[in-house]
Amino acid sequence: MSTEEKSLNFIEQIIEEDLKNGLSKDKLRFRFPPEPNGYLHVGHASAICLNFGLGLEYNAPVNLRFDDTNPSKEEQEYVDAIKRDVQWLGFQWDRECYASDYFQQLYDWAVLLIQKGKAYVDSQSSEDMAQQKGTPTQPGTNSPFRDRSVDENLDLFTRMKNGEFPKGTHVLRAKIDMTSSNMLMRDPIIYRIMHEHHHRTGNDWCIYPMYDWAHGESDYLEQISHSLCTLEFLPHRELYDWFLDQIYDDTLVRPKQREFARRNLSHTIVSKRKLLQLVDENHVTGWDDPRMSTISGMRRRGYPPMAIRNFANTIGIAKRTNLIDVSLLEFCVREELNKTTDRVMAVLNPVKLVLINYPDGQEEWLDAENNPEAEVMTHRKVPFTKELYIEREDFKEEADKKFFRLTLGSEVRLKNAYIIKGETVVKDANGNITEIHCTYDADSKSGSGTEASMRKVKGTIHWVSTQHALEAEVRLYDRLFTHENPDGDKEIDFKTYINPNSLHVTTGYMEPSLKNASTGTAYQFQRLGYFCVDPDSTSEKLVFNKTVGLRDTWAKIENKE
């Protein structure tokens, strides 16, 4: 569908207006600019889909630029993880860039600002600077160092660069307006001293540019046409434009910053600082814990990349921040997995079922469909024997008419197999059922075409042959936070809402077709949900993560409340 034929969001409307006003379409260029100080999360996924989606829509290049201006928090590990996540989502960048690529040019432009009298070295303490900056309702006052001569500023700034001063003794500030109603315009810091090893430039630099100085200038150097940021950067736009004014050459494209609202996700934390707390304090096993809102966590849990892209497209972009229910993301995951996953049988809470009239030692391999949603139907064989495992929840000695599974004296169908009838149970000394004894109708085999096979019974349950069952570890995940907005009350530590039951580990029994299942492969465990093979799996022991249930169980819980 062309841009003209569909309803445009407000970002697309801005781009279309710019094209009408003379911006050449071949000058369009977008960027995704993460700081490599943590792993990307679901909020970043929306920004990735926005920028790369615009690139696809307008056939325009998109840069991946790392905003690596704070070496104390940034690591190559995070760079590698970010690249892996963007590629996993199905996007490819045009140029891989780093703010550190431009350190020399940024420094040279800072020198130019000093020479123009538009920047100065301030030697106040951070506390004094904060005090003289004023408040949102009171103007600031000029620094006592604001009127240093150009020569003195150049000398001090050169010595800062050369590493002659300890951290905190000097900063370089832009000379703008200490009475501005926008506090970001009150002589913002451009450079600070940091004696830190940088993951790319090593120890070449002792001063590092601030975000506001590096970001817009990097956009300009890369000739980004539209610099799209989240709404908290709206007050920064005035400073973004002021910095560009100092260096802009009207023969080049001038980047335009525009803002869109964050789309916060319920029962989720997306602050990298707080996600790091969860990791460091061992509330989770790592950045890729399947309960985390990180892209790597969602990948390990079994979320398909297309589901995340569909989710981002569904929620779209807006000018106001709002809270999106995580069940919408889970719906997108469920919808995608339904189309792509093979159906298999697994039992997670087993009780033994014995077919008392089935021949001893007999073994059948029954035909089963892999995925009825697939364009080309494929089949597999599953073994059937006298003794089976079924889910304990699928049997009751006595039940009302609303229970459509196995009871004594009633019939159900075993999936892909026979109709069975509950006869008796065996219990241990504590009264717990250890075996269910049933009879089977030998003429009722699924797909056999007999009259008995056409017989309708009230329910169908899944099963696994005890003789052939594969034992596997199964990790059942729930939402990490019990509160829909764990970060909503700033007075309460978000960790107060950590769900103590967010992970339950159990032993499951699988049909043997899963023996060689590879890491990351997703399956639908029939009647149970979607699961994927975890990287912890070995040739001796499979480990599965529950990705999402077949339906939204949280909606039922909330409705009861």
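The values are calculated or read from the model by the stated rules, or taken from the named source; none is laboratory data. On a predicted model such as this, the values are computed, not experimentally measured, just so you know. We place every Cβ from the backbone using ideal geometry, glycine too, and count neighbours over all the protein chains shown. The protein model used for the area step is the full one, side chains on, heavy atoms only, and it has no ligands, DNA or RNA in it. Shrake-Rupley method; radii C 1.70, N 1.55, O 1.52, S 1.80 Å.
Overview of results
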| quantity | calculated |
| --- | --- |
| Residues that are among the hydrophobic types (A, V, I, L, M, F, W, C) and either in contact with a strand residue (DSSP E or B) (Cβ under 6 Å, 6 or more places away or on another chain) or within 17 Å of A110 (Cβ to Cβ) (or both), drawn from the stretch 130-162 | F145, V150, L154, L156, F157, M160 |
| Subset of the stretch 89-129 (residues that are touching a strand residue (DSSP E or B) at 6+ places or on another chain (Cβ under 9 Å), part of a loop (DSSP other than H, G, I, E, B) and open to solvent by 40 Å² or more (accessible area, probe 1.4 Å)) | Q92, D94, R95, K118 |
| Selection within the stretch 430-444 - closer than 18 Å to F384 by Cα and open to solvent by 70 Å² or more (accessible area, probe 1.4 Å) | D443 |
| Residues of the stretch 484-525 that turn out to be open to solvent by less than 70 Å² (accessible area, probe 1.4 Å), of a type in the set (S, T, N, Q), closer than 16 Å to A472 by Cβ and part of a loop (DSSP other than H, G, I, E, B), as a count | 2 |
| Lone unmet requirement of (1) without any contact (Cβ under 8 Å) to a residue 60 or more places away in the chain; (2) in contact with a strand residue (DSSP E or B) (Cβ under 8 Å, 6 or more places away or on another chain); (3) within 30 Å of E335 (Cβ to Cβ) for R455 | (3) |
| Members of the stretch 244-265 found to be of a type in the set (A, V, I, L, M) and open to solvent by 60 Å² or more (accessible area, probe 1.4 Å), listed by number | L252 |
| Top-ranked residue of the stretch 297-322 - restricted to ones that are among the aliphatic types (A, V, I, L, M) and surrounded by 15 or more Cβ atoms within 10 Å (Cβ to Cβ), ranked as farthest from the chain's Cα centre (by Cα) | I317 |
| Filter result for the condition that a residue is closer than 30 Å to I295 by Cα and not β-branched (V, I, T), over D147, D155, D151, D94 | D94 |
| Residue check for T407: β-branched (V, I, T), touching a residue at least 12 places away in the same chain (Cβ under 8 Å), open to solvent by less than 60 Å² (accessible area, probe 1.4 Å) and within 25 Å of E364 (Cβ to Cβ) | no |
| Test: residue in the stretch 209-231 that is more than 30 Å from D26 (Cα to Cα) and either at pLDDT 95 or above or out of contact with any His (no Cβ under 6 Å at 6 or more places or on another chain) (or both) | yes |
| Residues of the stretch 130-161 classified as in a helix (DSSP H, G or I), farther than 24 Å from H215 by Cβ and not aliphatic (A, V, I, L, M), total | 7 |
| Matching entry among K427, K396, K415, K386 (being closer than 25 Å to G508 by Cβ, without any contact (Cβ under 8 Å) to a residue 12 or more places away in the chain and surrounded by 13 or more Cβ atoms within 10 Å (Cβ to Cβ)) | K396 |
| Strands (runs of 3 or more DSSP E) completely within the stretch 308-417 that count 1 or more residues being of a type in the set (D, E) | 342-344, 364-369, 387-391, 411-414 |
